[in-house]
Amino acid sequence: MLRRCTDFLSSTVLTVFCLVALMILVIACTLAQVRLGVNPSVAQYIRSFIVWWRPEELPFPVPVFPGGGLVGGVLLINLGVAQFLRLERSWRKAGLWIMHFGLALLLIGEFATALLQVESRMSIEEGQTVNFSEDTHRMELAVIDVTDGDSDDVRSIPESLFKSRSEIADASLPFVLRVHAFYENAQLRRRGSEDPPTQATAGIGTEVLVRPAPRPAGEADDMPAALIEPRGREGRSYGVFLLSPALGAAQEFLHEGRRWSMSLRPRRYYMPFSLTLKDFRHDVYPGTNIPKNFSSLVRLLDARAGDDRDVLIFMNSPLRHGGLTFYQASFGKNDTLSVLQVVRNPSWTLPYISCLLVAIGLLWHFGLMLRRTLGVRS
């Protein structure tokens, strides 16, 4: 039985099946990007173990194809078992050994990227200094003590916490937060005279009607909303507030003489350094509106590392600092706003190393074959 298992795991048939399955997944993922967008498509087809089909007439999803995670894991096992059971351990086969190590490292790098990579965005205007980026795919509930005008005391509650709990109590907060409702995507409009009363009893949300909405297709972001009620430890209620990034304003209340603010915003990742946008350039080809170049001249200030310098970020020339990579992504406000894509990926070097190993293995293997052929001819 063990011999049969090892023969199956190291077989060339399994290798070909995995490669064909990966090709099908890549094609399906590419076609699905038109309907779902890039990130949802990659998550559904490439970074999953099973591809599910969700028909409207059935209350449960149906598995239809192995996902990229499952196929990649099987291919990784197949390469490992085949390498140690079938490849000859000699200098003559060293090139094949190196190529197999490179391919295995490429698969490991994709698994590491799926688990560790975090993408966010930094929007920065000319003359503005920013030390954080925002993840538009994850939300957080920011509870801020704004009593002191010079500084804010911020508590950040991740989306996973207030989505799964009906009440949030923490020692750092002098009150509790009761979650009445959370909508991953909501439609907000001003309440008319014939509309029913809203659940919000305080703040500007009393004039806004909120309804759940289907998730948007393509690259459009969700517009979440939440109904949060702060309550004192003694049970006093400060009202139910409607929170949403669409409102464009935080909700405030007084508790024991201090002024507090609540807002639902994209999750923020703070950095131990700051970027100041000195100049943004949007160049086009002469006589046309075709973009030629986007570039941001920023001042990098990292007091901890003693780094103070100007850096030009443009297409295919990112800034790498502090384990982060800053790419030029977009712009706005009549070319006075620059949007930088911020990527934290501890495994970003693995694809380069794997490609280098594959290239070395190919040169080694075909170099030996060429040498042998030339020797036979001579």
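The values are calculated or read from the model by the stated rules, or taken from the named source; none is laboratory data. This is a predicted model, so every value here is computed, not measured. Backbone-built Cβ (ideal geometry, glycine too); neighbour counts: all protein chains shown. Heavy atoms of the whole protein, side chains included, go into the accessibility calculation; ligands, DNA and RNA do not. Shrake-Rupley method; radii C 1.70, N 1.55, O 1.52, S 1.80 Å.
With a requirement of 3 or more residues that are over 25 Å from ARG344 (Cα atoms) and in contact with a Phe, Trp or Tyr (Cβ under 8 Å, 6 or more places away or on another chain), the strands (runs of 3 or more DSSP E) lying completely within the stretch 87-165 that satisfy it span 129-145.
Pairs linking a residue in the stretch 25-49 that is in contact (Cβ under 8 Å) with a residue 24 or more places away in the chain to a residue that is acidic (Asp, Glu) and open to solvent by less than 30 Å² (accessible area, probe 1.4 Å), with Cβ atoms under 7 Å and 6 or more positions apart or on different chains, do not occur.
In this entry, GLY235 is excluded by the filter for residues that are at pLDDT 90 or above and at positive phi.
Among the criteria (1) open to solvent by less than 50 Å² (accessible area, probe 1.4 Å); (2) under 27 Å from ALA169 (Cβ atoms), the one GLU184 does not fulfil is (1). Residues in the stretch 42-78 that are over 15 Å from LEU22 (Cβ atoms), open to solvent by less than 40 Å² (accessible area, probe 1.4 Å) and part of a helix (DSSP H, G or I): none.
State whether one or more residues within the stretch 321-331 are over 21 Å from the mean Cα position of the chain (by Cα) and open to solvent by less than 90 Å² (accessible area, probe 1.4 Å). No, the stretch 321-331 contains no residue that is over 21 Å from the mean Cα position of the chain (by Cα) and open to solvent by less than 90 Å² (accessible area, probe 1.4 Å). Mind telling me which of the residues ASN334, ASN293, ASN289 ends up being without any contact (Cβ under 8 Å) to a residue 24 or more places away in the chain and surrounded by 11 or more Cβ atoms within 10 Å (Cβ to Cβ)? The conditions single out ASN293. Looking only at residues of the stretch 344-378 that are more than 39 Å from the chain's Cα centre (by Cα) and of a type in the set (Ser, Thr, Tyr), we find that the one that is least open to solvent (accessible area, probe 1.4 Å) is THR373.
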